[in-house]
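Please treat every number below as a calculation from the coordinates, not as lab data. On a predicted model such as this, the values are computed, not experimentally measured, just so you know. When we count neighbours, we look across all protein chains shown, and the Cβ atoms used for this are built from the backbone with ideal geometry, even at glycine.
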Amino acid sequence: MSTATPQAEADFIIVGGGSSGCVLAARLTENPVIRVILLEAGIDAARPEDFPDLASAYPGIAYSNPRYTWAGMKASYAYSGSNRPETKANRYEQARVLGGGSAINGIGANRGSPSDYDEWGEMGLDGWSWDECLPYFKKLERDLDFTNDLHGNSGPFPIRRRGDEIWTPFTHAMLEVCAARGIPFLPDQNGVWEDGTFEMAVNMDEKKRRVSTAWAYLTPDVRRRPNLEIRTETTVSRILFANGRATGVLATRGGHAQELRAQKVVLASGALATPAILMRSGIGPSHHLAECGIETVQHLPGVGQNLMEHPSAGLVPFLKMAARQKGVPDYHIPIGYRFSSGLEGCPAGDMHMNFVTRAAWHPVGRQLGSIFFWVNKSYSRGQLTLDPASPEGPPRIDFRMLSDRRDLVRLADAFERAVGLGSDPSLNKVVSGLYAGGMSEIGKLFSKKTLLGALVTSMGALGIDAVGNLREKLFPYMLSNFADARRLAANRTELEAYIASVVGGVWHPSGTCRMGPDGDRMAVTDSAGKVRGLDSLYITDASIMPTIPCANTNLPTIMMAEKIADGLKAL
Ligand SMILES: Cc1cc2nc3c(=O)[nH]c(=O)nc-3n(C[C@H](O)[C@H](O)[C@H](O)COP(=O)(O)OP(=O)(O)OC[C@H]3O[C@@H](n4cnc5c(N)ncnc54)[C@H](O)[C@@H]3O)c2cc1C
């Protein structure tokens, strides 16, 4: 853990040192008179040199390590058709380490469509139109490939594309299939918003290391600032109030609880922890707080509502030996494909697909590719509530994915499109089987990198390659929801039922404390991130997104933190 001079009082306490919290801490303390305490429940991964698994070019290793995630976090994905969460909830990874999601995520670094932010502006949110957000996207980035009006080259966060050095024969073949169908190859995913394939932009430096916001923003120089104190392994349980004003937090470190005081408290704990902390502090829907035995400080019915994700599904191509990624695991998602569903009312470029070169770090994962797709502009909304039997425990997370039929229709359409691409005869040179399914519970046992896992999967991979029909026997167990992809694509009724039962997410929870204009009773914050009805309490994390952008959510979250930091500095 790193500390500066201990201070009893601060101007700001920031709760959560994740993608947004690190940005805010660094930006606020640029002004030497602003004193900041940054509190983070997880460990301080201070230097990339000491955390090769976090810095790895292959990001799957980081999020599979329970050392960096919250234990006991589970979520129901599909809509159960009632107001009760589904009984079956699956593990849902959320970061618990300095740097947060940016330290463990899939390193995809994209912004979304200009129309995503214009939509926010049209909702009455001052300052959030595309033209007003673009300067902050530029401010945060050091784009290593492009210098033009759409990009910044001097921000803290390096963004690059890895080039064809990480393309495998499977990648080349998929791009050829797309090109033959007239799908253009776009020069820049974060350039002009158009449909086409493109190299994935990633948050990675010149040395091919992931860069988290902890490493990009909390540099050794920033950590030396006397007005910044970073306390890791410190968990905030609630916010303290006096006369309708936030005055500090109750935090625990090493079993010892202590009250920390500040002029202002900013929640940056992520879209799942922030609404839970608010509710435990008495801010939320009063009927639910009463159900949990919590006294209401401020009735805000929107807390925990509007839970958003990108509903996903995928196909698993079995790769011929020569088509696999070689050497140590490297970045495995070189290519993205943006397309428009054409469904009435849905914006252009509302769908996303990736051609993935390996399914996991180990030898069996190397045999499998993925054609993975999701609804990038989703309309289904779920909710997060506390467990009345254990309000301090993990919250109940119910995504209700596909509860809006537009999401189901588009995900099923994307499945058909993926089967069409994956069945192109030209792929026979690289693929020898195409399956529907995902990672099974057995498969997940091997997600964490261990010597035993390497041995077992090495033997398994040898057997699968050597014995012709072994994979047909094993895959129904190794893959969850195993099915014949082409048969499903040929029967729409069956396909929609399948999609509704297998839908997953992509770790993009957002919207649970959404911004909204004056008079919007479900709004939790105003457009400056200030919690409605209370003084000195702010939020800057993925929870304040009013609608989900057509993008992985890390870059949009960092952009929002940059923008809110400017506002808070000016107070
Ligand atoms: C496995 C995974 C893969 C992903 N892949 C991508 C991707 O490829 N590209 C992309 O753009 N996005 C991706 N995302 C999403 C992206 O990382 C998140 O949207 C982003 O990190 C959210 O930032 P945040 O600041 O809202 O929350 P976080 O970054 O999650 O930060 C919240 C921090 O608060 C801390 N905290 C929570 N509660 C408390 C408490 N009570 N006391 C103290 N500290 C607390 C947490 O430990 C955490 O460090 C992925 C996320 C995950 C988990």
Quiz item: Once phi is turned into ³J(HN,Hα) by the Karplus curve 6.51 cos²θ - 1.76 cosθ + 1.60 with θ = phi - 60°, what whole-Hz value does each residue of the stretch 354-364 show in order, with x for glycine and proline?
Solution: 10, 9, 9, 8, 8, 8, 7, 5, 8, x, 5
Exercise. Work out the length of the dipole vector of the stretch 170-324 about its Cα centre, built from +1 on the beta-carbon of each Lys and Arg and -1 on the beta-carbon of each Asp and Glu, and round it to the nearest 20 debye.
Key: 660 debye
Quiz item: So for the pair residue 571, residue 424, with labels modelled 7 Å out along Cα→Cβ, what separation do we get in nm?
Solution: 5.3 nm
Exercise. Could you compute the FRET efficiency for residue 122 and residue 250, with r as their C-beta to C-beta distance and R0 at 51 Å, rounded to 0.05?
Key: 0.85
Quiz item: What's the Cα-based Rg to Rh of the stretch 150-201, Rh via Kirkwood?
Solution: 1.03
Quiz item: For the stretch 344-371 and the stretch 167-193, what is the separation of their Cα centres, given in Å?
Solution: 13 Å
Quiz item: What ³J(HN,Hα) values, in whole Hz, does the Karplus curve 6.51 cos²θ - 1.76 cosθ + 1.60 give for the stretch 449-463 when θ = phi - 60°, with x put for Gly and Pro?
Solution: 6, 9, 5, 4, x, 5, 5, 4, 6, 5, 5, x, 5, 4, x
Self-check item: Over the stretch 273-324 - Rg/Rh using Cα atoms and the Kirkwood inverse-distance radius
Solution: 1.51
Quiz prompt | Total formal charge among the other residues, if their Cβ is under 14 angstrom from that of residue 565, Lys/Arg +1 and Asp/Glu -1 | solution = +1
Quiz item: In terms of Cα to Cα distance under 17 Å, which lysines are near enough to residue 74, apart from those fewer than 8 places away along the same chain?
Solution: 88, 444
Quiz item: For the stretch 25-104, what size does the Cα cloud have along each of its three principal axes, sorted from largest down, in whole Å?
Solution: 53, 32, 18
Practice problem: For residue 480, enumerate residues with amide H under 5 Å from its amide H, sequence gap 5+ or separate chain, H modeled in the peptide plane. | Solution: 438, 439, 440
Exercise. Report the residues of the stretch 486-513 in range of a label on residue 88: point 7 Å along Cα→C-beta, backbone N strictly under 18 Å from it.
Key: 494-506
Quiz prompt | Separation in nanometres of the label points that stand 7 Å from Cα toward Cβ, at residue 185 and residue 458 | solution = 3.6 nm
Quiz item: Regarding the stretch 494-571, what are the three Cα extents along the principal axes, ordered largest first, in Å?
Solution: 56, 27, 15
Quiz prompt | Rg(Cα) / (2.2 N^0.38 Å) computed for the stretch 423-560, rounded to two decimals | solution = 1.59
Self-check item: Amide H within-cut-off set for residue 245, under 5 Å, with H built and near neighbours excluded
Solution: 535
Exercise. Report Rg/Rh for the stretch 397-491, rounded to two decimals, where Rg is the Cα radius of gyration and Rh the Kirkwood radius.
Key: 1.04
Quiz item: So for 142, 181, 514, fewest C-beta neighbours within 10 Å to most, what's the order?
Solution: 181, 142, 514
Quiz item: Across 20 Å bins from the origin, how do the percents of Cα pairs in the chain run, short distances first?
Solution: 22, 57, 21, 1
Self-check item: Amide H contacts under 5 Å for residue 110, placed H, 5+ residues apart
Solution: 552, 555
Quiz item: What list of ³J(HN,Hα) couplings, whole Hz, do you get for the stretch 124-135 from phi and the Karplus terms 6.51, -1.76, 1.60, once you set θ to phi - 60° and write x for glycine and proline?
Solution: x, 8, 4, x, 10, 6, 4, 4, 8, 7, 3, x
Quiz prompt | residue 465 paired with residue 208, simple spin-label distance in nm, labels 7 Å along Cα-to-beta-carbon | solution = 2.1 nm
Exercise. Estimate the FRET efficiency between residue 224 and residue 74 by the formula 1/(1 + (r/R0)^6), using the beta-carbon distance for r and 51 Å for R0, to the nearest 0.05.
Key: 0.80
